[in-house]
Each structure stands twice: as structure tokens, then as C-alpha cells.
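The values are calculated or read from the model by the stated rules, or taken from the named source; none is laboratory data. Owing to the predicted nature of the structure, the values given are computational and were not obtained by experimental measurement. Quick reminder, even Gly has a Cβ in these numbers, built from the backbone with ideal geometry, and neighbours come from all protein chains shown.
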Amino acid sequence: MTPPLLHPYDVTREETLRAPLDYTLKSCLKDVDRVFKAEIASVIRLTDKEKLFHIRLIDRTERERFSFLPGQFVMLEAPGFGEAPISICGSNSQKGFIELCIREAGSVTTMLHRAKVGAKVGIRGPFGTYFPMERMKGHRILLIAGGLGLVPLRAPIMYVTENRSDYGDVRIFYGTSDPGELLFDYQYEQWRRVDGVTLSLIVDQPDPNWTGQVGKVTQLLEQIDLPLGESYAIVCGPPVMFKFVCALLSEMGMPRDRMFVSLERRMQCGMGKCCRCNVGSTYVCMDGPVFDFWTVMNLKEAI
């Protein structure tokens with residue numbers, strides 16, 4: 001007997017799917033592996049290696065329903081070449097497009113870097129845990145990034161600047177190997193002009209035009225002269241960076257369960273099927289990518 005045909009996913013007719021998407025309720029979800037048809041709306045070159053893509057869901061209803069929380073990621077598909085996990089780096093208040101910063105590294109990202117405006121792509125998600133912005137309300141927040149780590153950190157930066165009255169002082173610390181690797185430099189003055197927000201930059205290898213601080217991002221943290229016991233921190237960057245940054249914050253009085261890190265660099269399929277992101281019995285794509293540092297310290301080989 002011939003099996004019945006599977007009808008196309010139609011958000012305009014299925015009542016259970018017309019409500020706003022909530023990917024925190026995993027047990028109640030339908031079609032979480034569905035691919036949303038999308039297109040590249042614009043491309044901005046940030047550095048020699050990274051480009052910022054504005055991705056627009058083609059279906060208007062899906063576009064209005066799509067939502068995410070800072071720290072989550074999507075699986076971005078280049079048709080015919082595969083897909084890759086990419087952290088969402090834009091504001092979750094935007095409904096017209098999704099911002100994704102992509103470094104040219106493998107076959108999928110290389111093809112995406114060659115793509116032009118109007119090219120069709122696929123989106124799955126959003127997936128993963130997120131930074132607890134609600135829990136942080138009323139407190140001082142340290143936002144710390146190294147290198148490409150500013151990509152997942154940009155979403156919480158935009159969240160706290162858009163909801164400025166909900167938080168105490170916000171301090172952003174960002175370090176890279178050299179000035180040519182600084183991401184989103186066109187936004188630095190905008191962030192600095194927000195009341196109660198400070199931005200500190202540092203590079204390890206300055207060029208002749210660099211006039212800022214030189215060294216590691218931990219040197220910026222050593223200049224903090226405030227008690228950190230009631231503060232929160234979000235740390236994004238190479239996993240080895242977590243050890244030094246979070247150890248220093250711990251010495252300065254910040255509890256490890258108030259520090260949050262993203263292990264998004266370990267992900268592959270986004271659904272716990274390929275087993276490439278597992279750390280013991282923990283799957284980064286399903287149980288993360290956001291973890292508090294106390295949990296990370298108990299995950300063998302996580303960093």
C-alpha cells in the first residue's frame with residue numbers, strides 16, 4: 001500500500017503552530033528539524049575573514065513568527081554543500097531579518113562567502129540554551145570577548161543596550177590578536193554613547209596606527225576596581241580563554257555560577273545526532289551551547 005503523501009508545512013492553517021515560537025519548550029515542539037526557506041538580503045565585509053549576512057525568511061508569516069534569545073544559534077544550509085551551526089549575532093527585536101557573522105573556514109562557509117545578494121539558503125532552528133538576561137536584571141554585567149567571540153556576545157550587547165533601564169553598569173571588554181581582526185568596529189562609538197556602558201579594547205600585536213592598549217583581555221579585567229560578588233559575566237571566545245578569564249573573575253570575588261560561557265565552537269549538526277559535540281554524556285548542541293562556568297568546570301575536556 002502506497003503511504004500517504006506528506007503535505008507541506010503550513011503555518012497559516014495549523015492552529016498549534018500559529019502561536020509565537022518558543023524553543024525552550026522542547027517536549028511540545030513540532031517539526032524542529034524543518035528547514036525555513038530564506039535568502040541573503042545583504043552582505044557586509046567586516047574583516048578579511050568575516051562577513052555579516054542579513055538573512056531574510058521568504059515566507060512573511062514565518063518571518064513574523066521567528067524569534068530567538070541571545071546565545072542561541074541556527075543551522076545555516078548552503079543547498080548542495082551542507083550546513084553549519086552559526087550563532088545569531090543580531091537583536092531579537094528585529095523581525096525583518098536574521099544577522100549572522102560567518103568566517104570563511106570550511107566548504108559550507110566558503111560557498112556562503114561566494115554567494116551574492118538574493119542567493120537562496122536554508123535555516124533550521126533556533127536551537128540551544130541562551131544567556132539568562134532576565135536573571136541578570138538589576139545587576140552589573142561584564143561582557144567579555146576574545147577574537148571571534150564578539151559574534152555570540154553581540155546579541156546580549158544589543159539586548160542590554162535596548163533594555164538599558166533593566167540593568168546596572170555594563171562593561172564590555174574585547175581583545176583580538178591584531179587591529180585587523182576587530183569585528184563590528186563601526187558600532188563601538190554607538191555602544192560607548194549609551195549611558196552606563198563602557199567599552200575597553202586591547203590587541204596583542206598592534207600595528208603602527210594602533211593607539212589603544214596592548215596585551216591580553218585579562219589585563220583589562222585586572223583594572224576593575226569594583227566588587228564583583230553581585231555581578232554577572234558573559235564570556236565568549238576560544239575555550240582556552242575561559243580558564244584564564246573565569247579564574248581571574250573568581251579570584252576577584254565573582255561566583256562561578258554567575259559566569260556564563262558559550263561552547264558553540266564544538267557544535268556540528270545542531271540536533272544531537274552526529275555526536276561530534278558530546279562531552280561525556282553532555283551534548284553541546286542540545287544541552288548548550290550556553291553553560292555557567294561551574295557546570296563547564298565539571299565537564300571533562302570541555303575546555
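Side notes on the structure shown:
- Residue in segment 267-286 that is of a type outside the set (Gly, Ala, Ser), in contact with a helix residue (DSSP H, G or I) (Cβ under 7 Å, 6 or more places away or on another chain) and at pLDDT 65 or above present: no
- If the condition is being within 21 Å of the chain's Cα centre (by Cα), assigned to a helix (DSSP H, G or I) and surrounded by 14 or more Cβ atoms within 10 Å (Cβ to Cβ), then segment 175-217 contributes GLU181, GLN187, TYR188, TRP191, VAL217.
- Filter result for VAL108 (touching a Gly at 6+ places or on another chain (Cβ under 6 Å), without any contact (Cβ under 8 Å) to a residue 40 or more places away in the chain, farther than 20 Å from SER231 by Cβ and not assigned by TED's automatic domain parsing to the domain that holds PHE291): yes
- The set of residues in segment 33-88 that are over 28 Å from GLY237 (Cα atoms), hydrophobic (A, V, I, L, M, F, W, C) and part of a loop (DSSP other than H, G, I, E, B) comprises VAL35, ILE58.
- Only listed residue being over 14 Å from PRO126 (Cβ atoms), modelled with pLDDT of 80 or more, charged (D, E, K, R) and surrounded by 13 or more Cβ atoms within 10 Å (Cβ to Cβ), chosen from ARG65, ARG56, ARG60: ARG56
- Whichever residue in segment 93-124 is assigned to a strand (DSSP E or B) and not hydrophobic (A, V, I, L, M, F, W, C) and, among such residues, is surrounded by the fewest Cβ atoms within 10 Å (Cβ to Cβ): LYS120
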